[in-house]
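The values are calculated or read from the model by the stated rules, or taken from the named source; none is laboratory data. As the structure is a prediction and not an experimental result, all values here were calculated from the model. Using ideal geometry, Cβ is built from the backbone for each residue, glycine included, and neighbour counts are taken over all protein chains shown.
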Amino acid sequence: MNKGLFITFEGIEGSGKSTQAIQLAEHLKERGYSVVVTREPGGTPIGVAIRQILLDPAINDMDYHTEVLLYAADRAQHVAEVIRPSLEKGKIVISDRYIDSSIAYQHFGRGLPLDLIIEINERAVQGLKPNVTFLLEIPVELGIERATKVSADRIERESIEFHKRVEAGYQELARREPERWRVIDGIPMVEEVHQSIVRALEVFL
């Protein structure tokens with residue numbers, strides 16, 4: 001492979017993104033690819049500190065603009081430190097969340113202007129877009145039940161209505177860019193979902 005491949009996973013809370021990202025990475029490693037698995041927020045040491053602020057359930061008065069800027073700050077460091085250097089080395093980078101999360105959560109969920117979010121994030125990533133994005137779809141109620149079995153972070157504690165707006169936002173984003181997005185049913189067993197992802201990825205490899 002002459003150049004890297006940038007894969008992202010998106011979806012509501014509890015959709016199984018993290019599990020599927022790891023499973024896909026293992027599959028690709030077995031096929032001989034060099035793979036980096038990462039996440040947002042928290043894919044770098046700086047990002048870990050930002051993640052703690054963003055997801056702290058004790059923080060209940062964060063301004064929405066502060067929120068979008070913190071996510072973008074995490075993303076800027078993530079791209080500079082992890083994603084871009086790995087792609088330049090010809091690796092496959094798999095990220096659990098990327099810019100589409102900010103659009104889904106802060107625009108469709110929070111109601112912040114789309115242009116604002118795009119401008120902030122374009123500055124953060126300097127034009128770096130995923131080659132393919134997997135959207136794992138499950139009912140919102142099921143996702144929240146899965147995500148909050150043990151505890152719930154600041155975002156997971158939002159209302160069902162908020163999470164439904166996020167879900168609708170993801171569906172709209174997938175409709176707008178069908179050449180990049182691959183929508184995957186996240187309800188079946190983990191292995192079945194994994195196989196659906198592997199089949200959908202073949203054209204990009």
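Just to check your reading of the model, which residue among 200, 147 is more than 26 Å from residue 79 (Cα to Cα) and touching a residue at least 60 places away in the same chain (Cβ under 8 Å)? Answer to the check: 147.
Given the criteria surrounded by 21 or more Cβ atoms within 10 Å (Cβ to Cβ) and touching a residue at least 24 places away in the same chain (Cβ under 8 Å), does residue 76 qualify? For residue 76, the condition - surrounded by 21 or more Cβ atoms within 10 Å (Cβ to Cβ) and touching a residue at least 24 places away in the same chain (Cβ under 8 Å) - is not met.
Per this entry, residue 97 is counted among residues that are within 21 Å of residue 37 (Cβ to Cβ) and touching a helix residue (DSSP H, G or I) at 6+ places or on another chain (Cβ under 9 Å).
Here is a check on your reading of the model: is residue 136 within 25 Å of residue 179 (Cα to Cα) and either of a type in the set (Gly, Ala, Ser) or within 17 Å of the chain's Cα centre (by Cα) (or both)? Yes: the conditions hold for residue 136. Taking the stated definitions as given, is residue 14 under 25 Å from residue 120 (Cα atoms) and either in contact with a helix residue (DSSP H, G or I) (Cβ under 7 Å, 6 or more places away or on another chain) or outside any helix (DSSP H, G or I) (or both)? Taking the combined requirement at face value, the residue does not satisfy it. For beta carbons closer than 7 Å, sequence separation of 6+ or different chains, a first residue in region 161-183 that is farther than 13 Å from residue 100 by Cβ and a second that is of a type in the set (Gly, Ala, Ser), the qualifying pairs are 162/109; 165/109. Filtering region 141-156 to residues that are of a type outside the set (Asp, Glu) and either surrounded by 13 or more Cβ atoms within 10 Å (Cβ to Cβ) or within 18 Å of residue 106 (Cα to Cα) (or both) leaves 142, 143, 144, 146, 147, 148, 152, 154, 155.
Determine whether region 56-76 contains at least one residue that is outside any helix (DSSP H, G or I) and among the basic types (Lys, Arg). No: region 56-76 contains no residue that is outside any helix (DSSP H, G or I) and among the basic types (Lys, Arg). Taken together, 47, 90 contain a single residue that is part of a loop (DSSP other than H, G, I, E, B), of a type in the set (Gly, Ala, Ser) and either closer than 24 Å to residue 137 by Cβ or modelled with pLDDT of 95 or more (or both), which is 90.
Restricting to helices (runs of 4 or more DSSP H) lying wholly in region 112-188: which have 2 or more residues that are closer than 13 Å to residue 14 by Cβ and of a type outside the set (Gly, Ala, Ser)?
It comes to 140-147, 160-176.
Any residue in region 173-187 that is closer than 21 Å to residue 23 by Cβ and exposed (fewer than 15 other Cβ atoms within 10 Å of the Cβ)? Checked against the condition, which is being closer than 21 Å to residue 23 by Cβ and exposed (fewer than 15 other Cβ atoms within 10 Å of the Cβ), region 173-187 yields at least one hit.
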